[in-house]
Amino acid sequence: MGAGRLPVRVHTGDCWDTGKRCAPAAPEQVRLLLAEGVAACIHCRPDTALGVLE
C-alpha cells in the first residue's frame with residue numbers, strides 16, 4: 001500500500017503529529033524530499049531544523 005509514492009509530509013523525529021506509517025529518514029533524504037515538493041510539517045518544521053530555505 002503506497003509503495004513507490006512520495007510521503008504526504010516530512011516530520012522531525014520528535015514530532016507529536018506523526019501517523020502510524022512514519023519511517024525514519026536520513027537528513028539527506030529529507031532534504032531531497034523537500035526539494036521534490038513534499039510538504040514540511042507545520043508543527044515540527046523539519047525544513048527549518050535542517051536549514052532548508054525555499
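The values are calculated or read from the model by the stated rules, or taken from the named source; none is laboratory data. Since the model is a prediction, treat every value here as computed from it, not as a measurement. Here the Cβ is made from the backbone with ideal geometry for all residues, glycine too, and neighbour counts use every protein chain on show. Protein only, heavy atoms only, side chains kept; ligands, DNA and RNA dropped before computing areas. Shrake-Rupley method; radii C 1.70, N 1.55, O 1.52, S 1.80 Å.
Hey, got the dipole for the chain? About the Cα centre, +1 on K and R Cβ, -1 on D and E Cβ, debye to the nearest 20?
240 debye
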Quiz prompt | CD proxy at 222 nm, helix term only [per DSSP H run n ≥ 4: -39500 (n - 2.57); per residue of the chain; nearest 500] | solution = -5500 deg cm²/dmol
Exercise. Of the options ALA39, ALA26, VAL8, report the single residue whose Cα projects farthest towards the positive end of the charge dipole of the chain (beta-carbon charges: Lys, Arg +1; Asp, Glu -1).
Key: VAL8
Exercise. Loop only per DSSP, at most 16 neighbouring Cβ atoms within 10 Å: give me the trypsin sites (Lys or Arg not before Pro) in the chain, ordered by residue number.
Key: ARG5, LYS20, ARG21
Quiz prompt | Sorted largest first, extent of the chain alpha carbons per principal axis (Å) | solution = 32, 24, 18
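In the chain, carbon and sulfur make up what percent of the accessible area (probe 1.4 Å)?
56 percent
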